[in-house]
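The values are calculated or read from the model by the stated rules, or taken from the named source; none is laboratory data. In this text, all values refer to a predicted model and were calculated from it rather than measured experimentally. Here the Cβ positions follow ideal geometry from the backbone for every residue, glycine too, while neighbour counts run over all protein chains shown.
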């Protein structure tokens with residue numbers, strides 16, 4: 001299975017810097033783990049009221065679950081499934097939306113990564129040692145944009161459907177001339193990991209850990225293939241916003257193929273067992289952890305239930321030839337509107353990818369969590385696994 005994550009390296013490729021980037025899954029070792037833990041109890045939806053509990057957030061109770069997957073659909077970086085315990089927390093019911101991010105910018109005057117001239121030092125660490133610095137006129141503000149193709153292409157080369165577009169940012173996700181007008185309730189995209197941290201600080205929240213995110217996404221369904229169960233389309237109905245291969249071949253965008261694709265309003269699809277909407281599909285979500293391609297395998301070798309893991313101490317991603325394996329990468333989760341059966345099956349709760357924390361993209365957003373008291377005793381006891 002291939003990844004859908006380009007990076008700012010393409011900015012340098014465009015001016016003749018030769019960097020070959022082909023995404024390939026690395027083989028991970030298998031390990032034994034403790035007996036399968038008891039499946040979480042039937043979840044109960046507990047939504048914050050904005051008075052004694054956080055507004056527009058859902059309570060995710062503490063519990064033990066099998067993180068990762070041994071499914072035939074799972075990539076090596078998702079294997080093996082291993083027991084993990086998480087503590088209770090509140091999570092945003094939806095992605096952070098354009099309207100919410102706009103209010104943050106209005107109050108703080110914050111300028112996002114995509115709106116600034118790229119910092120060579122944050123790009124350099126993603127490149128082979130000795131790569132020369134490009135001319136200043138190449139280092140212009142912008143971001144990665146999905147542009148699609150006019151016909152079928154070889155899926156080994158994602159540069160055919162991704163482009164670094166000067167002037168692309170959260171207000172103009174596809175570049176100059178595009179707009180979020182009428183899309184205030186869509187997930188904000190073209191935000192870097194650093195932008196998500198800045199918003200979180202302003203909102204008094206934080207990014208979820210990878211373990212918290214997956215536990216919340218599963219909604220009480222132990223090892224289900226999708227966040228809604230094991231059937232992709234119950235009663236023939238899509239349960240998330242992903243690329244519908246029945247309608248068009250990835251990555252073709254044309255009037256004949258049905259025009260453009262992109263995000264839909266947050267909360268369009270039914271929530272999961274904890275009351276969380278769009279945990280998969282629509283837009284990828286930044287989480288707090290450094291990315292480790294072999295992290296799950298290392299955790300499983302401990303042969304014990306891991307208590308509230310925070311991720312590895314540094315990055316490790318050997319999947320991109322020519323790129324240092326230790327280049328800074330953060331985890332993104334949940335997949336996006338681009339995921340599909342032929343290219344990226346990441347609208348699954350165990351799917352995980354790495355991404356340059358300084359590289360905004362038109363299919364990556366975020367949601368936050370908050371450490372606040374659990375709901376009232378009666379609700380808490382009924383919701384607790």
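Miscellaneous remarks
- Qualifying residue in the stretch 334-342 (condition: touching a helix residue (DSSP H, G or I) at 6+ places or on another chain (Cβ under 9 Å) and surrounded by 23 or more Cβ atoms within 10 Å (Cβ to Cβ)): yes
- Taking the criterion of being within 22 Å of the chain's Cα centre (by Cα) and buried (at least 21 other Cβ atoms within 10 Å of the Cβ), the residues of the stretch 42-60 that qualify are 57, 58, 59, 60.
- Being modelled with pLDDT under 55, assigned to a loop (DSSP other than H, G, I, E, B) and under 30 Å from residue 131 (Cβ atoms) holds for only one residue in 20, 29, and it is 20.
- Selection of first residues in the stretch 334-353 that are at positive phi and modelled with pLDDT of 95 or more and of second residues that are part of a strand (DSSP E or B) and surrounded by 24 or more Cβ atoms within 10 Å (Cβ to Cβ), restricted to Cβ pairs under 6 Å at least 6 apart or on distinct chains, gives the following pairs, ordered by first then second residue: 334/284; 334/285.
- Residues considered: 240, 297, 211. Of these, the only one that is touching a helix residue (DSSP H, G or I) at 6+ places or on another chain (Cβ under 9 Å) and under 16 Å from residue 350 (Cα atoms) is 297.
- For the stretch 354-380, residues that are assigned to a loop (DSSP other than H, G, I, E, B) and modelled with pLDDT of 95 or more total 11.
- Answer from 254, 245 - the residue that is touching a strand residue (DSSP E or B) at 6+ places or on another chain (Cβ under 8 Å), surrounded by fewer than 18 Cβ atoms within 10 Å (Cβ to Cβ), touching a residue at least 12 places away in the same chain (Cβ under 8 Å) and under 29 Å from residue 161 (Cα atoms): 245
- Of the residues 156, 126, the single one that is modelled with pLDDT under 95, under 30 Å from residue 71 (Cβ atoms) and outside any strand (DSSP E or B) is 156.
- Of the residues 282, 308, the single one that is at pLDDT 95 or above, more than 12 Å from the chain's Cα centre (by Cα) and closer than 24 Å to residue 48 by Cα is 308.
- Residues in the stretch 176-187 that are at pLDDT 95 or above and more than 13 Å from residue 262 (Cβ to Cβ) were compared, and the one that is surrounded by the most Cβ atoms within 10 Å (Cβ to Cβ) is 185.
Conditions (1) in a helix (DSSP H, G or I); (2) surrounded by 19 or more Cβ atoms within 10 Å (Cβ to Cβ); (3) on the phi > 0 side of the Ramachandran plot, marked per residue:
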position: 85; (1), (2), (3): no, no, no
position: 106; (1), (2), (3): yes, no, no
position: 111; (1), (2), (3): no, no, no
position: 114; (1), (2), (3): yes, yes, no
position: 118; (1), (2), (3): no, yes, no
position: 121; (1), (2), (3): yes, no, no
position: 134; (1), (2), (3): no, no, no
position: 140; (1), (2), (3): no, no, no
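- Single match in 335, 292 (criterion: under 18 Å from the mean Cα position of the chain (by Cα) and under 26 Å from residue 183 (Cα atoms)): 335
- Residue-level check: of (1) in contact with a helix residue (DSSP H, G or I) (Cβ under 6 Å, 6 or more places away or on another chain); (2) closer than 18 Å to residue 57 by Cβ, residue 220 misses just (1).
- Any hit, the stretch 92-103, residues being over 21 Å from the mean Cα position of the chain (by Cα) and either over 30 Å from residue 375 (Cα atoms) or at pLDDT 95 or above (or both): yes
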